[in-house]
Every structure is written in structure tokens, then in C-alpha cells.
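Rule-based calculations on the coordinates, nothing more; no lab input. Computed from a predicted model, the values in this text were never measured in an experiment. Here the Cβ positions follow ideal geometry from the backbone for every residue, glycine too, while neighbour counts run over all protein chains shown.
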Amino acid sequence: MPDAPFTHLVTAEAELRDEGYPAPLPRAWEKEIGALDEHCAAFLARSPLAMLATSDAEGRATVTPRGGPPGFVRMLDRQRVAWADLQGNRRIDAFRQILQNPQVGLLFMLPGLRETLRIDGTAYLTRDPEVLRAVDVPDRTADLAVGVHVRVAFLQCGKALVRSRLWDPATWPAADELPSPAAMFKAHRGEPTPVEEVAAHLEESYTVRLW
């Protein structure tokens with residue numbers, strides 16, 4: 001096995017518990033529920049953004065963003081949520097991993113709200129007509145949907161978002177201070193296309209081919 005790229009490693013949970021991470025209060029575990037309730041439903045109905053964590057058969061993980069109109073992830077019943085496959089870059093990273101390892105995690109966000117909703121469960125790729133009708137979004141009828149059978153759901157406290165001040169406009173960088181996505185794409189792909197053309201292509205994909 002090659003040498004680890006880091007040293008002074010923690011290799012057991014007991015080390016964590018003994019050095020700065022004592023057992024949490026009971027309420028940290030008690031908030032977990034095994035099925036979605038009316039509060040989860042209200043959160044999902046308003047959320048326009050989710051992060052989907054997947055991993056392949058060898059445990060290599062990735063996280064991909066999922067976005068749409070508020071409520072684009074539909075609660076089908078207390079044990080199931082689903083959303084339409086909307087056009088992306090067609091790498092289908094998450095789909096390929098779901099086919100190898102269907103265990104997934106979802107993190108839902110709401111603009112202005114510090115807390116997030118976490119859902120863990122088993123994912124399925126489905127072409128069930130009833131599910132596809134249920135997850136329709138404006139101007140888009142998907143051929144494929146992702147369904148998740150809920151194992152556990154709970155509200156994540158907002159400390160990370162409080163520390164990040166994500167929803168505080170006063171902390172947002174000015175437009176001219178933002179990294180250039182076009183320059184990053186050009187550099188990472190090593191392509192000779194002028195950065196202006198890359199930017200135009202990117203903008204076209206966001207306006208003409210968004211759905």
C-alpha cells in the first residue's frame with residue numbers, strides 16, 4: 001500500500017471520542033426519523049437546491065448539485081422522494097455510481113434558512129410513467145427520474161451556514177472579484193479556444209439549453 005499523503009492520522013472512532021469529540025447529547029440522535037413528516041414535506045416543497053452524494057462499488061465518492069424550481073424534488077409518500085433528470089453535462093457520474101452502489105445522501109438547502117435537511121436512503125433510476133408525471137417541471141418532461149427510498153431524515157443545525165455567512169449579501173464578492181468559469185474550463189481542458197468563445201458557449205448552455 002502506498003504511503004498516505006498525510007501524517008499524524010486518526011484511525012479509530014475511540015481516538016476521536018477521547019480527544020475533543022465526546023459523545024453528543026441524546027437530542028443529536030433523537031432528531032433522526034425513519035420516514036418523512038409534514039415538516040420535511042414543507043421543507044422539500046420550498047427547496048430549489050440539493051447536493052447528492054454517491055459512491056461507486058469501490059467507495060470512491062462524489063457530490064453533484066441538483067437544482068430546479070422550488071419543490072422540484074417531490075415527496076411521493078412518507079418513504080419516497082423523486083426528481084426528474086434534467087439536462088446536465090451527460091457525464092452521468094451520479095447515475096453510474098448509483099448503478100454500482102445505490103446508497104446515497106441528500107442535503108437540501110433553502111435560501112435564507114440556516115438549517116438544512118438531510119435524507120439518506122437507497123436510490124433507483126426509474127422510467128415509471130406515474131413517477132415521471134409526478135416530477136414534471138415547467139417545459140420539461142423527463143424520460144428518467146431518480147427515486148430515493150428514505151432510510152433516515154433529519155434537520156442539520158445551521159452552524160456551518162452561520163459561519164460561512166452564505167446568505168448574507170454583505171459578504172458576497174463583487175462580480176469582478178469572482179473566479180472566471182470560462183478561464184477555468186479553458187485551462188482545465190487545455191483547449192486553444194479563446195476565453196471569450198468559451199464564455200459565450202457557457203452562457204448559451206445556460207439560456208438556450210438550460211432544460
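Using all pairs of distinct alpha-carbon atoms, the Kirkwood hydrodynamic radius of the stretch 53-104 works out to 12.3 angstrom.
Do any GluC sites (Glu not before Pro) in the stretch 20-123 lie in a DSSP loop with no more than 12 other beta carbon atoms within 10 Å, and if so, which?
Passing both the DSSP loop test and the Cβ count: Glu58.
Residues of the stretch 39-59 with an amide N closer than 19 Å to a point placed 7 Å from the Cα of Asp77 along the Cα-to-Cβ direction: 39-42.
Rg and Dmax of the chain, based on Cα coordinates, read 20.1, 57 Å.
Note on Glu38 and His188: the model spin-label points, each 7 Å out from Cα along the C-beta direction, lie 4.4 nm apart.
Between Gln156 and Asp18, the C-beta separation translates, for a Förster distance of 25 Å, into a calculated FRET efficiency of about 0.50.
Put a dot 7 Å past the Cα of Arg209, heading toward its Cβ, do the same for Ala57, and the two dots end up 3.1 nm apart.
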